[in-house]
Amino acid sequence: QVQLVESGGGLVQPGGSLRLSCAASGSIFSINTMGWYRQTPGKQRVLVASVTDGGTTNYADSVKGRFTISRDNAKNTVYLQMDSLKPEDTAVYYCSATIQFTAVGYEYDYWGQGTQVTVSS
């Protein structure tokens, strides 16, 4: 059984910073892409940033230059450093991971439980 456990959300003032972490645990052979998505009430979940096991990153235009995604493959952990936060960054942030359990098996997508980020003065 795989679990993605997130931490680091909270309340921050505009212009402030937060760092989210997400650790995957279980009988994992490898993790391809790890990423962060966010969702606000009544809207679809959207990609914020992703990173492959080779280190290739992808960012939503709205966070480029402010957010940085990174991962520690040895720890099966992905991070999202969020700087210069704006009120419009307020959302529930979800971690995702594409996981392979054997060398020749299929890949499966997993999600964390979500962590609230609120940017407000």
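The values are calculated or read from the model by the stated rules, or taken from the named source; none is laboratory data. Note that the coordinates shown come from a computational prediction; the quantities given were computed from them, not determined experimentally. Don't worry about glycine lacking a Cβ; one is built from the backbone with ideal geometry, like all the others, and counts go over all protein chains shown. Heavy atoms of the whole protein, side chains included, go into the accessibility calculation; ligands, DNA and RNA do not. Shrake-Rupley method; radii C 1.70, N 1.55, O 1.52, S 1.80 Å.
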Handout entry: Counted residues, segment 16-49 - those being part of a loop (DSSP other than H, G, I, E, B) and either closer than 17 Å to Leu85 by Cα or of a type in the set (A, V, I, L, M) (or both)
Key = 4
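Any idea which residue in segment 100-115 is farthest from Arg38 (Cα to Cα), counting only those that are open to solvent by 100 Å² or more (accessible area, probe 1.4 Å) and touching a strand residue (DSSP E or B) at 6+ places or on another chain (Cβ under 7 Å)?
Residues of segment 100-115 open to solvent by 100 Å² or more (accessible area, probe 1.4 Å): 104, 106, 108-109, 111, 113.
Pick out the ones that are also touching a strand residue (DSSP E or B) at 6+ places or on another chain (Cβ under 7 Å) and you get 108-109, 111, 113.
Numbers: Tyr108: 20, Asp109: 16, Trp111: 12, Gln113: 12 Å.
Here the residue is Tyr108.
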Practice task
Pairs only if they're at least six apart or on different chains, beta carbon under 7 angstrom, first in segment 92-113 and free of Cβ contacts under 8 Å to residues at least 24 places away in the same chain, second in a strand (DSSP E or B) and open to solvent by 100 Å² or more (accessible area, probe 1.4 Å); list them, first residue then second.
Solution key: none
Handout entry: Residues (outside any strand (DSSP E or B) and within 17 Å of Ala97 (Cα to Cα)) located in segment 1-15
Key = Gln1, Val2
Practice task
Considering every residue within segment 50-71, establish whether at least one is farther than 28 Å from Gln1 by Cα, assigned to a loop (DSSP other than H, G, I, E, B), in contact (Cβ under 8 Å) with a residue 12 or more places away in the chain and open to solvent by less than 50 Å² (accessible area, probe 1.4 Å).
Solution key: yes
Exercise for the section: Could you look through segment 72-84, keep only residues that are touching a Ser or Thr at 6+ places or on another chain (Cβ under 7 Å) and open to solvent by less than 30 Å² (accessible area, probe 1.4 Å), and pick out the one that is farthest from Cys22 (Cα to Cα)? Expected result: Met82
